[in-house]
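Take a look at the structure below.
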Amino acid sequence: MERTCLFVGGGFSLAVAVFHMFFGRLFGWREELARLRPVNARVLYTIHFFLIPFCLFFAYLSFALTDDLLSGSRLARTLTGFYSLFWAARGAWQLAYFRPSELEAARWMLVAHYAILVLAPLVAVLYGVVAFG
């Protein structure tokens with residue numbers, strides 16, 4: 001079961017990374033970020049840009065180093081525990097910070113909002129099973 005958790009979690013991590021590669025187009029960042037002070041636009045873009053390899057890294061760990069993550073070592077439990085808590089916090093942030101009424105103008109954003117509310121806690125549980133189970 002834990003192997004399946006890592007496989008599904010790795011697939012989600014890969015999907016998140018790919019989805020983030022299209023954020024610029026999806027959110028019209030060329031126009032939107034142009035309205036910000038250059039330093040603020042660079043900060044937002046930088047945070048986003050480095051989230052992509054972060055998710056790819058966990059996808060890689062989950063697919064290529066599955067046995068290592070399942071070893072029960074302190075390092076394996078720390079990595080999977082961190083990623084579990086990361087996604088739990090991300091789900092909580094989505095619930096607290098984003099309002100569905102603000103997303104209704106773009107239906108796909110509303111769908112993404114509810115998808116995150118479901119998937120973030122799910123991924124937290126998947127990696128939590130490996131880390132704490």
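Scan the range 115-123 and tell me whether some residue there is within 16 Å of MET1 (Cα to Cα) and either buried (at least 17 other Cβ atoms within 10 Å of the Cβ) or in contact with a His (Cβ under 7 Å, 6 or more places away or on another chain) (or both). Among the residues of the range 115-123, at least one is within 16 Å of MET1 (Cα to Cα) and either buried (at least 17 other Cβ atoms within 10 Å of the Cβ) or in contact with a His (Cβ under 7 Å, 6 or more places away or on another chain) (or both), which makes the answer yes. Looking across the range 94-117, the residues that are within 12 Å of the chain's Cα centre (by Cα) and not small (Gly, Ala, Ser) come down to GLN94, ILE116, LEU117.
Have a look at VAL43, VAL18 and point out the one that is without any contact (Cβ under 8 Å) to a residue 24 or more places away in the chain, within 21 Å of ALA112 (Cα to Cα) and part of a helix (DSSP H, G or I). Spell out how you get there, then give the answer.
Values: VAL43 fails: within 21 Å of ALA112 (Cα to Cα).
Answer to the selection: VAL18.
LEU122 versus (1) in a loop (DSSP other than H, G, I, E, B); (2) within 13 Å of the chain's Cα centre (by Cα): which is the lone unmet condition? Condition not satisfied by LEU122: (1). Residue count for the range 24-38 under the criterion of being of a type in the set (A, V, I, L, M, F, W, C), under 23 Å from the mean Cα position of the chain (by Cα) and part of a loop (DSSP other than H, G, I, E, B): the result is 1.
For the range 47-91, name all the residues that are closer than 21 Å to HIS20 by Cα, touching a residue at least 12 places away in the same chain (Cβ under 8 Å) and small (Gly, Ala, Ser). Scanning the range 47-91 gives ALA59, SER62, SER84, ALA88, GLY91. LEU65 passes every criterion in (1) under 25 Å from LEU119 (Cβ atoms); (2) modelled with pLDDT under 95; (3) not small (Gly, Ala, Ser) apart from (2).
PHE12 fulfils the conditions (1) in contact with a helix residue (DSSP H, G or I) (Cβ under 8 Å, 6 or more places away or on another chain); (2) surrounded by fewer than 14 Cβ atoms within 10 Å (Cβ to Cβ); (3) under 20 Å from VAL125 (Cα atoms) except for a single criterion, (2).
Give me the residue from the range 83-116 that is modelled with pLDDT of 95 or more and either among the aliphatic types (A, V, I, L, M) or outside any helix (DSSP H, G or I) (or both) and, out of that set, farthest from ASP67 (Cα to Cα). Applying the filter and picking the extreme gives ALA92.
The values are calculated or read from the model by the stated rules, or taken from the named source; none is laboratory data. Note that the structure is predicted; figures quoted are calculated from it, not measured. All Cβ positions, even for glycine, are placed from backbone atoms using ideal geometry, and neighbour counts span all protein chains on display.
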